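The values are calculated or read from the model by the stated rules, or taken from the named source; none is laboratory data. In this text, all values refer to a predicted model and were calculated from it rather than measured experimentally. Positions of Cβ are backbone-derived with ideal geometry, glycine not excepted, and every protein chain shown enters the neighbour counts. Protein only, heavy atoms only, side chains kept; ligands, DNA and RNA dropped before computing areas. Shrake-Rupley method; radii C 1.70, N 1.55, O 1.52, S 1.80 Å.
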Amino acid sequence: MDKVVSTKRPRAKSAREKGLPRPSRAEAEAAVRTLLRWAGDDPDREGLRATPSRVVRAYEEWFSGYNDDPREYLKRTFEETGGYDEVVVLRDIRFESHCEHHMAPIIGRVHIGYLPRNRVVGISKLARLVEVFARRLQIQEKMTAEIASCLDAVLKPHGVAVVTEATHQCMTTRGVHKPGVTMVTSRMLGVFRDHAETRQEFLAAVGMRGAIHGNGAG
Ligand SMILES: [Zn+2]
């Protein structure tokens, strides 16, 4: 299944880019106390007293991706290909993100492929790229497209393929309560979109042969 997310659309600006003032730590902790009361508990009881500060520290980790510009990061780290002209595939990059609708965890794996033109990046850099986008509030379709567009813009390869498989806890633990459902999104650019053979080579490498078609992906 391909999700159509236009790369032409201007990227949504973060609060920092818009110059929105960041609330203080005390304000953030007070908001957590409010949610604890809303849930029906007493934020002043022994077991919950340190919870607001723990939650705010957890947020700093879960949403640390707002502090990084993945494009700048990748630009600094590419290497020459040394003549390598075959598809590079990195599969099973685990990620943890949060959905922007419920702030519930999205947990899954990203598979990345690209056909280098002049530049390649190290494995750890691709994993880091996924992490930067995952550590923001996300929808899976958008994250998949962002990873692909970023690689495409910085490395300028012959093509980029990104497939994301994930479970959404807003769907498994609430609402429709459908555990075991995995959502698959993909973004195919360049040769991966235009050449079925190259696309199939990538999908076979990540164990998804025939599952995804190129049309409508770009
Ligand atoms: Zn959700």
Point to revise | Of all residues in segment 153-183 being away from the ligand (no atom under 15 Å from the Cβ) and of a type in the set (Gly, Ala, Ser), the one that is surrounded by the fewest Cβ atoms within 10 Å (Cβ to Cβ) | key: 180
Review point. Going by the conditions given, is residue 59 surrounded by 15 or more Cβ atoms within 10 Å (Cβ to Cβ), hydroxyl-bearing (Ser, Thr, Tyr) and at pLDDT 95 or above?
Key: no
Point to revise | Odd one out for residue 102, checked against (1) free of Cβ contacts under 8 Å to residues at least 40 places away in the same chain; (2) in contact with a helix residue (DSSP H, G or I) (Cβ under 7 Å, 6 or more places away or on another chain); (3) not in a helix (DSSP H, G or I) | key: (1)
Review point. Residue check: is residue 127 under 22 Å from residue 59 (Cα atoms) and either in contact with an Asp or Glu (Cβ under 9 Å, 6 or more places away or on another chain) or touching a residue at least 24 places away in the same chain (Cβ under 8 Å) (or both)?
Key: yes
Practice item. Could you grab the pairs with beta carbons closer than 9 Å, sequence gap of 6+ or different chains, first residue in segment 42-55 and modelled with pLDDT under 95, second one open to solvent by 40 Å² or more (accessible area, probe 1.4 Å) and not aliphatic (A, V, I, L, M)? Key: none
Review point. Can you name every residue in segment 11-54 that is open to solvent by 100 Å² or more (accessible area, probe 1.4 Å) and among the charged types (D, E, K, R)?
Key: 11, 13, 16, 18, 22, 25, 27, 37, 45, 46, 49, 54
Check your understanding: Regarding residue 75, is this residue buried (at least 16 other Cβ atoms within 10 Å of the Cβ) and either under 28 Å from residue 195 (Cβ atoms) or touching a helix residue (DSSP H, G or I) at 6+ places or on another chain (Cβ under 7 Å) (or both)?
Key -> no
**Study point:** Scope segment 82-101; condition surrounded by 16 or more Cβ atoms within 10 Å (Cβ to Cβ) and within 16 Å of the ligand (Cβ to nearest atom); matching residues
**Key:** 95, 97, 98, 99
Review point. Name the residues in segment 120-143 that are surrounded by 24 or more Cβ atoms within 10 Å (Cβ to Cβ) and either within 16 Å of the ligand (Cβ to nearest atom) or of a type in the set (Asp, Glu) (or both), would you?
Key: 134, 143
